[in-house]
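The values are calculated or read from the model by the stated rules, or taken from the named source; none is laboratory data. As the structure is a prediction and not an experimental result, all values here were calculated from the model. Positions of Cβ are generated from backbone atoms using ideal geometry, with glycine treated the same way; all protein chains shown enter the neighbour counts. Side chains are part of the model used for accessible areas, which takes the heavy atoms of the whole protein and leaves out ligands, DNA and RNA. Shrake-Rupley method; radii C 1.70, N 1.55, O 1.52, S 1.80 Å.
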Amino acid sequence: MDFGTRQIRTAGKGSGSVELTLPGELRRLVGLPCRILLHDGERPNIVLQPDLARARDAFGALWGALALALLGEPAPAFPAPAFSFGLLRRAGGPDSPYLCWQDGLALGAGTATAEAVACSIAACAQQMAPDLAIAPSLAGPFGAVCGFTAIGRVAFPDWQVHCDVACVALSGHPAWHPGHAFAQAPDTRGDPFWAQLTPALCRVADVFAGWSQPGSAYPALRAAWRRGRSIELQQG
């Protein structure tokens, strides 16, 4: 990950204090303790290793709360090796759910944005999908719809098809109100958030488990969405 060229500056001659201005995308790392490593040689590198234990703990707490919501029982320890991690937010892949360290720090502080909540829930729900009898091919879409259900909007363009198709099956169900949980209680560390969200997530899991069965309506619904989208683009 290349952030371009930046200058090392000093706070004063002889003080020993130096600083390097990092990109704005990393602002949530401000204040974190960092280990500093110097790789010497012909092309020396200075490596900053931030202490991300708070983010890891926040992901573990989210994982545990989501397991109680979807499985009705405590989950095993947070399976960190099953996830991909990075400093900047992005959508996960079909085989490797992705968590953003900055989102974890915000979750732990109770200051997470809607997108941070959606992406973190989506990744954990994707990893939990096999325990809910959801087919591997639908694990990613299931996670996306869980994230959408939590905040009421689509965090990534790639999620749009999954969320639109799910809306066809879920709209009108009394337990499903996308975005209601985050609007009422935006701190994922508290019981009010999960009390609002749990019935909706369970309904989403039931729908995706049904779509995982042979002969389900999911392929036809997705094909209909693509046809409708194609017509919209042609008319636009």
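So between residue 27 and residue 189, what do we pick up on full extension, going 0.36 nm a residue minus the alpha carbon distance?
Fully extending the segment from residue 27 to residue 189 adds 56.1 nm.
Calculate the FRET efficiency for residue 45 and residue 109 from the Cβ-Cβ distance with a Förster distance of 30 Å, rounded to the nearest 0.05.
0.50
Taking Rh as the Kirkwood radius, which is the inverse of the mean 1/r over Cα pairs, what is the Rg/Rh value for region 142-228?
In region 142-228, Rg relative to Rh is 0.99.
Take the chain, connect every pair of alpha-carbon atoms lying under 10 Å apart with a spring to form a Gaussian network, then pick out the residue of 151, 46, 134 with the largest mean-square fluctuation.
46
On a 1.4 Å probe surface of the protein chains, which of 146, 202 comes out largest in accessible area, and what is the full order?
Final ranking, largest accessible area leading: 202, 146.
Please report, in whole Å³, the volume per residue of the convex hull around the C-alpha atoms of region 43-177.
132 Å³
Would you kindly find the accessible area of residue 180, with a 1.4 Å probe and non-protein molecules such as ligands, DNA and RNA excluded, rounding to the nearest 10 Å²?
The accessible area of residue 180 comes to roughly 70 Å².
Relative to the compact globular guide of 2.2 N^0.38 Å, what is the alpha carbon radius of gyration of the chain, as a ratio?
Compared with the compact-globule rule of thumb, the chain sits at 1.19.
Report the antiparallel proportion of the DSSP beta bridges in the chain as a percent, rounded to a multiple of 5.
75 percent
Counting each DSSP H run of 4 or more residues in the chain as -39500 (n - 2.57), what helix-only mean residue ellipticity at 222 nm follows after dividing by all residues, to the nearest 500 deg cm²/dmol?
-15500 deg cm²/dmol
Just need the relative contact order of the chain here, percent rounded to a whole number, with Cα pairs under 8 Å and 6+ apart.
That works out to 14 percent.
Taking 0.36 nm per intervening residue step and subtracting the Cα-Cα distance, what contour gain separates residue 17 from residue 180 on full extension?
53.9 nm
If each residue of separation counts as 0.36 nm, what is the full-extension length gain between residue 131 and residue 206 once their alpha-carbon separation is subtracted?
Gain on extension, residue 131 to residue 206, equals 25.8 nm.
For the chain, report the accessible area per residue in Å² (1.4 Å probe, heavy atoms, rounded to an integer).
For the chain, the per-residue accessible area is 56 Å².
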